[in-house]
Every structure is written in C-alpha cells, then in structure tokens.
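Structure first, commentary second.
The values are calculated or read from the model by the stated rules, or taken from the named source; none is laboratory data. Remember, predicted model here, so these are calculated numbers, not experimental data. Note: ideal-geometry Cβ built from the backbone for every residue, glycine included; neighbour counts use all protein chains shown.
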Amino acid sequence: MLLYGDHDNARAFYNNYAITSVLDALHGDRSLEPSLIVPPDGNDNRGSSPLFDSVYSDGPNGRMSTLIGSDLVQVLQKRYRTSSGTGSWALGGFSSGGWGALTIGLRHLDHFGTLFSHDGYFTDAAAPPTVRTCSSARCRPNR
C-alpha cells in the first residue's frame, strides 16, 4: 500500500508521480513480481485541506490506522488472490504518508513485512513510542 502526503489524494501516485510507468518497467524486467498496488484515501472525517496533512492515526477524527493497517488488509485478502504472509505485504508513503506508513505499520506488524518512508516526518506527538527521531548519526526514542 502507498500512502500519499502533503495535500494530495489517493490518485496522486498515478497523476503526479508516474507510478504506472515505473511499475511497468519493474514488471517488464521482472524486478517486481505481479503486485496489487493500493493507494487508500487517507483523509479522516475532516476531509482534505491545505491547512493540515492526513493524520493516519486513530483518534477523534476517525480510525485511519485501524482502517488501513487491519480492515483494508482483510478486505484485500478476501477480494483478491493475495498472500497472507507478512513478507508479501509492504506499506510505504511520501511525506505525511511516510510518517503514516511507519506509525501504522509498527502498530500492525502482523500484516506488514516491509515498511518504508520517503521524506516522512517524525516529530508528531501521535507517533507510537517505538518510532525513533534521527539526526545525522544518532537515533533516540521519541518522548
């Protein structure tokens, strides 16, 4: 699954980031096995706004962490021929989607074997204590 960031939407990877041509090239040279790429809508009950990023957490505005990290995985496993092993499932994202991918993924390690973040931020107070804030050569747990 891919989570968008900033003030994008679920189509951003297709419309703005040319994911289709990248996936075609990776599938063409067999660098990537046949895959189901899912960019879920990460907006909570507040909708989308240039005034805030998608939160990707459970809270007063919705259950985005549970919906993406557990419920959506179960729906995809029922509707498509997917592997149930965590080694076949990845969750990543860009910017606030990168932050969301790691915080959701760390809460749902029973579903995801690979987590990745591109330009994610890691100072949000909603992050679980297992997320680390890194600066150059040192990493320290969030407090």
(message) I need the full set of residues from segment 1-56 which are in a loop (DSSP other than H, G, I, E, B), modelled with pLDDT of 80 or more and among the polar types (S, T, N, Q), in order please.
(response) N16, S31, S35
(request) Among the numbered conditions (1) buried (at least 24 other Cβ atoms within 10 Å of the Cβ); (2) more than 13 Å from V38 (Cβ to Cβ); (3) in contact with a Pro (Cβ under 6 Å, 6 or more places away or on another chain), tell me where L106 comes up short. (result) (1)
(request) Those residues that are free of Cβ contacts under 8 Å to residues at least 40 places away in the same chain and not in a loop (DSSP other than H, G, I, E, B), I need them from segment 74-98; list them, please. (result) Q74, V75, Q77, K78, R79, T86, G87, S88
(request) Scan segment 79-97 residue by residue and report those that are in contact with a strand residue (DSSP E or B) (Cβ under 8 Å, 6 or more places away or on another chain) and at pLDDT 90 or above. (result) W89, A90, L91, G92, G93
